[in-house]
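Enquirer: This is the structure I have questions about; it appears just below.
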Amino acid sequence: MYALIYDDHSLDQSEKKVISVHETRQESETALSLRQKSLGKKVYDCNTRVVWTDKDVSSDDVLNIKDFSTWRPGEDIPEGELHSDSD
């Protein structure tokens with residue numbers, strides 16, 4: 001399942017709070033967009049991201065970083081996400 005998690009990118013925080021869960025990436029991307037608008041912030045400023053997990057989770061649960069990944073296994077990854085923005 002896909003989940004929106006709160007992620008402030010702190011490397012010392014291995015647990016991330018689940019904001020919401022969704023069956024498809026499209027549903028999770030829509031929820032991320034709505035969250036961004038409700039917070040009045042750009043996506044990278046709202047400390048929220050979409051992840052894939054095999055765990056059965058609900059809103060307000062906590063995921064450990066080993067329990068999720070950015071992409072579902074076998075999912076098509078957009079070309080722009082395959083390469084780092086830095087040199």
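Every read-out reported here was derived from the displayed coordinates using simple, explicitly stated rules and does not represent laboratory data. All values derive from a computational prediction rather than experimental measurement. Here Cβ is always computed from backbone atoms with ideal geometry, including for glycine, and neighbour counts include all displayed protein chains.
Enquirer: Using the charge dipole of the range 2-72 (Lys, Arg: +1 at Cβ; Asp, Glu: -1 at Cβ; taken about the Cα centre), state which of Phe68, Val43, Leu11 has its Cα farthest towards the positive end.
Expert: Val43
Enquirer: Follow-up question, since we're still on this one. Using the basic label-point model (7 angstrom from Cα toward the beta carbon), what is the His9 to Glu79 distance in nanometres?
Expert: A separation of 2.5 nm, rounded to one decimal place.
Enquirer: Could you state the principal axis extents of the C-alpha atoms in the chain, from the largest down, to the nearest angstrom?
Expert: 36, 33, 30
Enquirer: For the range 3-33 and the range 56-72, what is the separation of their Cα centres, given in Å?
Expert: If we compute the Cα centre of each part, the gap is 8 Å.
Enquirer: Still on this structure, I have one more. If amide H atoms are built 1.01 Å from N in the plane of the peptide, which residues on other chains or at least 5 residues away come under 5 Å of the amide H of Thr48?
Expert: Hits under the 5 Å cutoff: Asp7.
Enquirer: Using just the helices of the chain, give the 222 nm mean residue ellipticity in deg cm²/dmol: DSSP H runs with n ≥ 4 each add -39,500 (n - 2.57), and the total is spread over all residues, rounded to 500.
Expert: Computed mean residue ellipticity for the chain: -5500 deg cm²/dmol.
Enquirer: Could you list which residues have their amide H under 5 Å from that of Ser20, counting only those 5 or more apart in sequence or on another chain, with H placed in the peptide plane?
Expert: Sorted by chain and number, the residues that satisfy this are Leu4.
Enquirer: Moving on. Between Ser69 and Ser33, what is 0.36 nm times their sequence separation minus the Cα-Cα distance? Round to one decimal in nm.
Expert: 11.0 nm
Enquirer: Please give the peptides 63-70, 36-43 ranked by average Cβ packing (other Cβ atoms within 10 Å per residue), highest first, as a rough proxy for protection.
Expert: In descending order of packing, they fall as 63-70, 36-43.
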